[in-house]
Amino acid sequence: MATLLCAPLVAKTVDQMVREMAVAKGLGADVVEIRLDHLSVFRPREDLELLLKGRPLPALITYRPKWEGGQYEGDDTRRFEALRLAMELGAEYVDIELKVAEEFIKFLSGGKPDHCKLIVSYHNYESTPTSDDLGSLVARIQAVGADIVKIAAVGVDITDVARMFQVIVHCQERQVPMIGLIMGERGLISRLLCPKFGGYLTFGTLDAGKESAPGQPTLTDLLNVYNIKNLRPDTKVVGIIGKPVGHSKSPVLHNAAFRSVGFNAVYVPFLVDDLPSFLKVYSSPDFAGFSCTIPHKEAAVVCCDEVDPIAKAIGAVNTIVKRPSDGKLIGYNTDYVGAISAIEDGIRGSRVKDSSVSPLAGKLFVVIGAGGAGKALAYGAKEKGARVIIANRTYERARELASLIGAEALTLAQLENFRPEDGMILANTTSIGMHPKVDESPIPKHALGSYAVVFDAVYTPKVTRLLREAEESGATIVSGLEMFIRQAMGQFELFTGLPAPESLFREIVAKNT
């Protein structure tokens, strides 16, 4: 059975909920969850008739008490009566908490209508139980008389989600319908990949800010970005590993590109704290490749079984591909070509491109940052014949990278008065100036006068404070979006073995920035 898409309704009034049901249907939901505990005034018979009469979608009725993360503070009898009434009035699903499920079933005394499925739910707002405990919970929930098992727990680490997937797959093999979700940002993939692993239902909100639990995506994103209705058990999972990762435009870009060429894969964000444990846990062939962003690019070099020579020389990997023949992890770096070619084209402008000599040759090229992207830019500039300077907040790190590639090192403070010549090139590879801290810049405006070209790897916002002030100081600016598009095209080709649809990439980026 296909995973259902359920829209939680958390409005304060019945009229608003009725309106939102129509919105949910229009957006593509299969079911609505009516959260009675969110209503500021609730008159059981009158309101349930209004909510359930002529409704456009099947309804799941939840009346969640405070002690299980809901809003209801009264006694259970009143709650039970409302849930029984919802059953009588034709609700397709009713949700009751495991803690009181036996009591509720006794209260019904065999009066549950055949058309109504009973969801028995367990919530843990602190952590995700162990595999054994999850298995025991499923057995307890079934034993109590549930038609559908529901377990929702908070993810302390993204590896917690793997345990939930295993339990869902096991339930599916035994034909036990199960909703298994990990709450919070680390658990987002549990919601996005439900159809792949056989979850009965996943939640999608009508809009950001209308969540009934932490970490719920919107219906629009589930359907349009993650293509959730087309995910199957054989769909490959690819994604971006980072911390933070929520700002990334990569899922929008890659999923549209996969769809355009008919490649059966989905691209998701992975909020990863510890890279080695993530790669160890998600080692099955289902997880076919990863983009790596801050702060994991350098750790990825050590985690891969084999590393492309250029990525090894740079000391940073931004793309990991799982080789189908033996499952080995192969590391690459597409940042290098993406950024350097963008800066070269920025310098050349509309002039004829002479590919034999790089416009970077002989130029003084200042790189801010000594992390993964900094290494890629420094290495690339050096390869093209530039004289490289590394500036970093921590001088020690700048010196390390400088000695590695044969460059000079400065602190960020020294960079303020660094003007040995005009016509220099500046490349910021740090996250300074990235959303939400858009007022920050790695270098004050008065220090930008000697640069002919300024590049910023940050692409949210599209024009950072650094780029705006550089342009005002007379420099040619190169947006991080250009690097983003080019490195993403390189990644797409590594993931799929197909040529990247460049015009589509550019169109999507223009639309989403």
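Somewhere in region 36-53, is a residue touching a strand residue (DSSP E or B) at 6+ places or on another chain (Cβ under 8 Å) and not in a helix (DSSP H, G or I)? Checked region 36-53: no residue is touching a strand residue (DSSP E or B) at 6+ places or on another chain (Cβ under 8 Å) and not in a helix (DSSP H, G or I).
Just one of the numbered conditions (1) within 28 Å of Arg232 (Cα to Cα); (2) in a loop (DSSP other than H, G, I, E, B) is not true of Met21: (2). Screening region 439-464 for residues that are under 21 Å from Asn512 (Cβ atoms) and without any contact (Cβ under 8 Å) to a residue 60 or more places away in the chain and picking the one that is surrounded by the fewest Cβ atoms within 10 Å (Cβ to Cβ) gives Lys462.
Residues of region 258-281 include at least one that is farther than 22 Å from Ala162 by Cα, more than 16 Å from the chain's Cα centre (by Cα) and among the polar types (S, T, N, Q). Looking at the structure I just gave you, is Glu306 in contact with a helix residue (DSSP H, G or I) (Cβ under 7 Å, 6 or more places away or on another chain), charged (D, E, K, R) and over 20 Å from Pro233 (Cα atoms)? It is false that Glu306 is in contact with a helix residue (DSSP H, G or I) (Cβ under 7 Å, 6 or more places away or on another chain), charged (D, E, K, R) and over 20 Å from Pro233 (Cα atoms). Does region 235-252 contain any residue that is modelled with pLDDT under 95, open to solvent by less than 30 Å² (accessible area, probe 1.4 Å), within 15 Å of Glu185 (Cα to Cα) and in contact with a Pro (Cβ under 7 Å, 6 or more places away or on another chain)? Within region 235-252 (the criterion being modelled with pLDDT under 95, open to solvent by less than 30 Å² (accessible area, probe 1.4 Å), within 15 Å of Glu185 (Cα to Cα) and in contact with a Pro (Cβ under 7 Å, 6 or more places away or on another chain)), the answer is yes, since at least one residue qualifies.
Before we move on, is Ala2 touching a residue at least 12 places away in the same chain (Cβ under 8 Å), in a loop (DSSP other than H, G, I, E, B) and out of contact with any strand residue (DSSP E or B) (no Cβ under 7 Å at 6 or more places or on another chain)? Yes; evaluated as a whole, the condition is true for this residue. The residue that is farthest from Pro420 (Cα to Cα), counting only those in region 357-387 that are open to solvent by less than 10 Å² (accessible area, probe 1.4 Å) and not small (Gly, Ala, Ser), is Leu377.
Number of residues in region 69-120 that are in contact (Cβ under 8 Å) with a residue 12 or more places away in the chain, open to solvent by 20 Å² or more (accessible area, probe 1.4 Å) and among the acidic types (Asp, Glu) equals 6.
Looking only at residues of region 134-166 that are outside any helix (DSSP H, G or I) and charged (D, E, K, R), we find that the one that is most open to solvent (accessible area, probe 1.4 Å) is Asp147. Evaluated against (1) basic (Lys, Arg); (2) closer than 19 Å to Arg387 by Cα; (3) in contact with a helix residue (DSSP H, G or I) (Cβ under 8 Å, 6 or more places away or on another chain), Lys312 falls short on exactly one condition, (2).
Might you let me know whether region 473-492 holds any residue that is in contact with a Leu (Cβ under 6 Å, 6 or more places away or on another chain) and assigned to a helix (DSSP H, G or I)?
Looking through region 473-492, at least one residue is in contact with a Leu (Cβ under 6 Å, 6 or more places away or on another chain) and assigned to a helix (DSSP H, G or I).
Taking region 217-234 as the range and being touching a residue at least 24 places away in the same chain (Cβ under 8 Å), open to solvent by less than 60 Å² (accessible area, probe 1.4 Å) and either touching a Leu at 6+ places or on another chain (Cβ under 9 Å) or in a helix (DSSP H, G or I) (or both) as the test, the residues that pass are Pro217, Leu219, Thr220, Leu222, Leu223, Val225, Tyr226, Ile228, Leu231.
The values are calculated or read from the model by the stated rules, or taken from the named source; none is laboratory data. Keep in mind that what you see is a predicted model, and the values were worked out from it rather than measured. In this analysis, Cβ positions are derived from the backbone assuming ideal geometry, glycine residues included, and neighbour counts consider all displayed protein chains. Please note that ligands, DNA and RNA were not included when accessible areas were found on the heavy atoms of the full protein model with its side chains. Shrake-Rupley method; radii C 1.70, N 1.55, O 1.52, S 1.80 Å.
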